[in-house]
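Report on the following structure.
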Amino acid sequence: MNLELTAWLVLIFPLLGTVLIGLGWRAMPGRTAGYLGTAAIAASFVSAVLTLLALNREDEHHRQITSVAWDYAHTVGVDAQMSILIDPISVLMILVVSGVSTLIHLYSISYMGGDEGYARFFAYLNFFVFSMLLLVLAGNFVLLIVGWAFVGAASYLLISYWYRRTTATRAGIKAFVINVLGDVGLYLGTLFVLQGTGSVDFLTVFERVDESFSVNDPNLVAGCLMILVGAFAKSAQVPLHTWLPDAMEGPTPVSALIHAATMVTAGVYLIARMHPLFEQAPIAADIGAILGCATLFIAATIGLVVTDIKRIIAYSTMSQIGYMIMAVCSAAYSAGLFHLMTHAFFKALLFMAAGSLIAAMAGVQDLNRTSGFRKAMPFTFGCFVVGGLALSGVPPFSGFFSKDEILALVAARGDWHIILVVVAYLASLMTAIYTFRLIFRAFFGDASPEARELEHGHLFHAEEHRNPLSGELEDTEIGFPGPEHHIAEREGTMKIAMGTLAVLATIGGLLQIPTVTHILHDFLHPAFEESRFYDSLEPTTGEIFVGLAIGAALAVIGIFIAYMLWARDTGRKLDFHERFAGIHNVLSHKWYFDELIDAVIVRPFAWFGRFARNTFERLVINGLFVGGTSGVIRAGSAAVRGVQSGYLRYYTGLLLLGVTGLVFYFLVA
Amino acid sequence: MDITWYLVVSACVFSIGMAGVLTRRNPLTVLLCIELMLNAGNLALIAFARAHGNQDGHVFALIVMVVAACEVAVGLGLIVAIYRRKLPIDVDELRELQG
């Protein structure tokens, strides 16, 4: 099939799904909406595969194809077209996005089964997939911004999906506000680029960037920093990360799809896509790499102490995206995108398994109350372990190859990049610890009442439903989570989705085994032909194997530490808590980022708002503008009213005066 | 032909009418005075037409008469209606329609 046609079809199917479900949900009984939504995304995935096949048939040097549907806006200085760019990066992204989305839709068919807003959920989810595909396929900055804002809106809708939960709506607003900050950053960055190169089309911009800007041109650095603001807000990197843990208020499939596998990696995609700009502005790239490194460390430390199951995985997501951001900012593009792909597999898997676990706990997601589910939920346990091993980077799971490739390539940049690598290795040790802390605590130890009930074949059902965060009592009608829960052990579609991802998380790394295979690297090569680092940045074989050995050793050590602390001898853990009470306090307050943002931004603005309301609003707006305008109009109308005396003779006199005046005027003139 | 005197007569009649409209309070008289003003206009129109040997002025005068007839019909109708409702026949008293 035609390459361009299939690429457009990738976009059209999810849009069609959204519209169909959104408008026709009344006519859809039972789980029809779920199957329809899944089918739309599956069709999109098939189109993506066809696009991949068609792209591979193209000549090696002509694998960047811009397909224009129509002119979007053609006006002074801006030539925005409705165009998509089909190249190895975007094809990789559409494959990952539509593939993982299909599986998560499949999972949601059963998982969301008891919810009152079933069709609404799938309409939102399809809309999200459409937006995300638009974002990665966009062929120019204008369409990119459109997709960028759409995914933010979809994320907002899905975080506050249970719209009668106050915590959920608040989290949705927080996510939306921070994302809009990122949108503004991306927009300003685009303006800098447009001013310098005179175009918004990606390929044109990339061609012109070398001649339009000198290396580290202040305008380009400013533009790239603005683009970084966009990427950091979307990808939850320090200091714009605080929305992601709160976003866990959404249903678990949403966390799996949006806040782990796809949307939050948009920042990584953006930087990889903009690599010609960042290579021309190395200062901005370095800042990005350092902040990415800071994020991966900070998030890993917080992950050690959080006790909310979903939030632990959320912090690990932040941490893993930190690795990717560090990679793409250090010119390790294929490694960053490779990790993006493997991370999408194992993190979606982890979230799905966590969803199943939370369902078995009837909505409770506190790690302190969850334990001993190993026997009750063998399938979920298996998936959790596979995901955990991949996340920790134990060979031969996928995360092992992708993470270590990043670290080897960053180390090959030399200089101060070595420091980043050391920090990242430290964080990878912590990754193994917190991942297996979660597994050991949730699946080992004494079985909690819910687990014991499940062992006897009865799924625990809560008498009263409470908000897991605030403890508020909730009903199970629309706008709140439904009364029923579904676990993977009993639902075929959930099993298929998780099983597929478990296989992918296990073997995904085979695409890029160091010194053996480099399928992904070769596949992405056409998109990075003009890159200064893509081919030259190559660690020696010795370095690679040292890196792999360290990575594997750290993962195993981490798992061992977790085993010692949380599985074998829990007394030692309490001892730890007391000895490091200070650090524990800082970490469980998430490094006080929320408090810091509150003190630096929210409070001053709130104070300024109050000040403005009490003085500016009262005196200038109410007094001058509103009062002044109404005063003028009142005075004018009073004058006009005065003339309307009702005396006929008076009117006649005025008429006479007027006519006489006119006559005199014309006579004189 | 010298039209000066025609115009003087016309102006005088117009001024008389004008003064009547401005000073009288009986609507009937006001209506009559308006008629005077209209006919003063007619006189001027016909005088100019004669002076220029052009028939357009006559046509205008005829149209003005038609309009005047209509106006008198409406005006008298109103006055009769006012009389029937026992309202004062005085233009100064009839000023409810002011803004």
Inspect all residues belonging to region A:122-143 and state whether any of them is within 18 Å of A:Pro481 (Cβ to Cβ), assigned to a helix (DSSP H, G or I) and not aliphatic (A, V, I, L, M).
yes
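To keep it simple, each residue is scored yes or no on (1) among the charged types (D, E, K, R); (2) under 20 Å from A:Phe206 (Cα atoms); (3) surrounded by fewer than 22 Cβ atoms within 10 Å (Cβ to Cβ); (4) not assigned by TED's automatic domain parsing to the domain that holds A:Phe523.
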site: A:Tyr35; (1), (2), (3), (4): no, no, yes, no
site: A:Ser47; (1), (2), (3), (4): no, no, no, no
site: A:Gly77; (1), (2), (3), (4): no, yes, yes, no
site: A:Ile86; (1), (2), (3), (4): no, yes, no, no
site: A:Val97; (1), (2), (3), (4): no, no, no, no
site: A:Phe121; (1), (2), (3), (4): no, no, no, no
site: A:Phe130; (1), (2), (3), (4): no, no, no, no
site: A:Asn140; (1), (2), (3), (4): no, yes, no, no
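Determine which member of the set A:Thr652, A:Thr660 is within 13 Å of chain B (Cβ to nearest Cβ) and in contact with a helix residue (DSSP H, G or I) (Cβ under 9 Å, 6 or more places away or on another chain).
A:Thr652
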Would you call A:Phe436 more than 28 Å from the chain's Cα centre (by Cα), under 22 Å from A:Ala314 (Cβ atoms), at pLDDT 85 or above and assigned by TED's automatic domain parsing to the domain that holds A:Leu407?
no
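Looking only at helices (runs of 4 or more DSSP H) that fall completely inside region A:565-669, which ones have 2 or more residues that are β-branched (Val, Ile, Thr) and within 30 Å of B:Ala19 (Cβ to Cβ)? Even if it seems obvious, please write down each step before you answer.
Numbers: elements: A:570-579, A:581-588, A:593-597, A:603-611, A:627-643, A:648-668.
By residue number, A:627-643, A:648-668.
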Check A:Gly382, A:Gly399, A:Gly336 and return the single one that is of a type in the set (Gly, Ala, Ser), part of a helix (DSSP H, G or I) and within 19 Å of A:Ile496 (Cα to Cα).
A:Gly382
Filtered residues of region A:621-649 (kept if surrounded by 11 or more Cβ atoms within 10 Å (Cβ to Cβ), within 14 Å of chain B (Cβ to nearest Cβ) and hydrophobic (A, V, I, L, M, F, W, C)):
A:Val643, A:Leu648
From the list A:Gly288, A:Gly267, which residue is modelled with pLDDT of 90 or more and under 10 Å from the mean Cα position of the chain (by Cα)?
A:Gly267
Identify, by number, the condition in (1) surrounded by 11 or more Cβ atoms within 10 Å (Cβ to Cβ); (2) away from every other protein chain (no Cβ under 14 Å); (3) at pLDDT 90 or above that A:Val602 doesn't meet.
(3)
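So which residues in region A:59-112 are of a type in the set (D, E, K, R), touching a residue at least 40 places away in the same chain (Cβ under 8 Å) and within 19 Å of A:Val146 (Cα to Cα), if there are any at all? Spell out the reasoning first.
Our first condition is that a residue be of a type in the set (D, E, K, R); within region A:59-112, this holds for A:59-60, A:63, A:71, A:79, A:87.
Subset that is touching a residue at least 40 places away in the same chain (Cβ under 8 Å): A:60, A:63, A:79, A:87.
Within region A:59-112, A:Asp79 is the sole residue that qualifies.
Just name the residue that is farthest from A:Phe232 (Cα to Cα) out of those in region A:128-174 that are basic (Lys, Arg) and out of contact with any helix residue (DSSP H, G or I) (no Cβ under 6 Å at 6 or more places or on another chain). Before you say what the answer is, go through the steps one by one.
Residues of region A:128-174 that are basic (Lys, Arg), as a first pass: A:164-165, A:170, A:174.
After this cut, where a residue has to be out of contact with any helix residue (DSSP H, G or I) (no Cβ under 6 Å at 6 or more places or on another chain) as well, the list is A:164-165, A:170.
Numbers: A:Arg164: 29, A:Arg165: 28, A:Arg170: 21 Å.
In this case the residue turns out to be A:Arg164.
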Out of (1) at negative phi; (2) surrounded by 24 or more Cβ atoms within 10 Å (Cβ to Cβ), what's the single condition that is false for A:Thr204?
(2)
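Mind checking which residues of region A:63-73 are touching a helix residue (DSSP H, G or I) at 6+ places or on another chain (Cβ under 8 Å) and either loosely packed, with under 14 Cβ neighbours inside 10 Å or charged (D, E, K, R) (or both)?
If we filter region A:63-73 for residues that are touching a helix residue (DSSP H, G or I) at 6+ places or on another chain (Cβ under 8 Å), which is where we start, we get A:63-67, A:69, A:72-73.
Within region A:63-73, A:Arg63, A:Ala69, A:Ala73 qualify.
State whether one or more residues within region A:363-379 are assigned by TED's automatic domain parsing to the domain that holds A:Glu484, in a helix (DSSP H, G or I) and surrounded by 24 or more Cβ atoms within 10 Å (Cβ to Cβ).
Of region A:363-379, the ones assigned by TED's automatic domain parsing to the domain that holds A:Glu484 are A:363-379.
Going one step further and asking which of them are in a helix (DSSP H, G or I), we end up with A:367-369, A:378-379.
Among the residues that remain, those that are also surrounded by 24 or more Cβ atoms within 10 Å (Cβ to Cβ) are: none.
Looking for residues that are assigned by TED's automatic domain parsing to the domain that holds A:Glu484, in a helix (DSSP H, G or I) and surrounded by 24 or more Cβ atoms within 10 Å (Cβ to Cβ), one finds none in region A:363-379, hence no.
Considering only residues of region A:440-457 that are part of a helix (DSSP H, G or I) and under 16 Å from A:Glu489 (Cα atoms), which is nearest to the chain's Cα centre (by Cα)?
Keep residues of region A:440-457 that are part of a helix (DSSP H, G or I), which gives A:440-443, A:449-455.
From what's left, under 16 Å from A:Glu489 (Cα atoms): A:443, A:450-455.
Numbers: A:Phe443: 29, A:Glu450: 33, A:Ala451: 33, A:Arg452: 37, A:Glu453: 37, A:Leu454: 34, A:Glu455: 37 Å.
So the residue we want is A:Phe443.
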Can you tell me which residue is nearest to the chain's Cα centre (by Cα) among those in region B:70-99 that are within 14 Å of B:Val30 (Cα to Cα), among the β-branched types (Val, Ile, Thr) and away from every other protein chain (no Cβ under 14 Å)?
B:Val72
Being more than 28 Å from A:Leu340 (Cβ to Cβ) and either outside the structural domain of A:Asn368 (by TED's automatic domain parsing) or out of contact with any helix residue (DSSP H, G or I) (no Cβ under 7 Å at 6 or more places or on another chain) (or both) narrows it down to one residue among A:Asp446, A:Asp415; which is it?
A:Asp446
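Would you check which residues across region A:627-661 are among the β-branched types (Val, Ile, Thr) and modelled with pLDDT of 90 or more and list them?
Within region A:627-661, the first condition is being among the β-branched types (Val, Ile, Thr), and the residues that meet it are A:629, A:632-633, A:640, A:643, A:652, A:659-660.
A:Thr629, A:Val632, A:Ile633, A:Val659, A:Thr660, listed by residue number.
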Could you check region B:1-33 and list, in sequence order, the residues that are in a helix (DSSP H, G or I), within 12 Å of chain A (Cβ to nearest Cβ) and touching a residue at least 40 places away in the same chain (Cβ under 8 Å)?
B:Pro27, B:Val30, B:Leu31
Assess whether B:Ala61 counts as being more than 14 Å from chain A (Cβ to nearest Cβ), more than 17 Å from B:Leu32 (Cβ to Cβ), touching a helix residue (DSSP H, G or I) at 6+ places or on another chain (Cβ under 7 Å) and not hydroxyl-bearing (Ser, Thr, Tyr).
yes
If only one of A:Phe297, A:Phe206, A:Phe232 is out of contact with any strand residue (DSSP E or B) (no Cβ under 7 Å at 6 or more places or on another chain), at pLDDT below 90, more than 30 Å from A:Tyr118 (Cβ to Cβ) and aromatic (Phe, Trp, Tyr), which one is it?
A:Phe206
Which of the following residues is under 16 Å from A:Gly646 (Cα atoms) and among the β-branched types (Val, Ile, Thr): B:Val91, B:Val74?
B:Val91
Could you check, for region A:185-195, whether at least one of its residues is over 25 Å from A:Trp8 (Cα atoms), in contact with a Pro (Cβ under 9 Å, 6 or more places away or on another chain) and either assigned by TED's automatic domain parsing to the domain that holds A:Ile86 or not hydrophobic (A, V, I, L, M, F, W, C) (or both)?
no
Assigned to a helix (DSSP H, G or I) and either of a type in the set (D, E, K, R) or more than 25 Å from A:Gly147 (Cα to Cα) (or both) - does that describe any residue in region A:252-270?
no
Taking A:Asp598, is it over 30 Å from A:Phe444 (Cα atoms) and either touching a residue at least 24 places away in the same chain (Cβ under 8 Å) or among the polar types (S, T, N, Q) (or both)?
no
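The values are calculated or read from the model by the stated rules, or taken from the named source; none is laboratory data. This structure is a prediction, so every number in the text was calculated from the model and none was measured. Note that each Cβ is placed from the backbone with ideal geometry, even for glycine, and that neighbours are counted across all protein chains shown.
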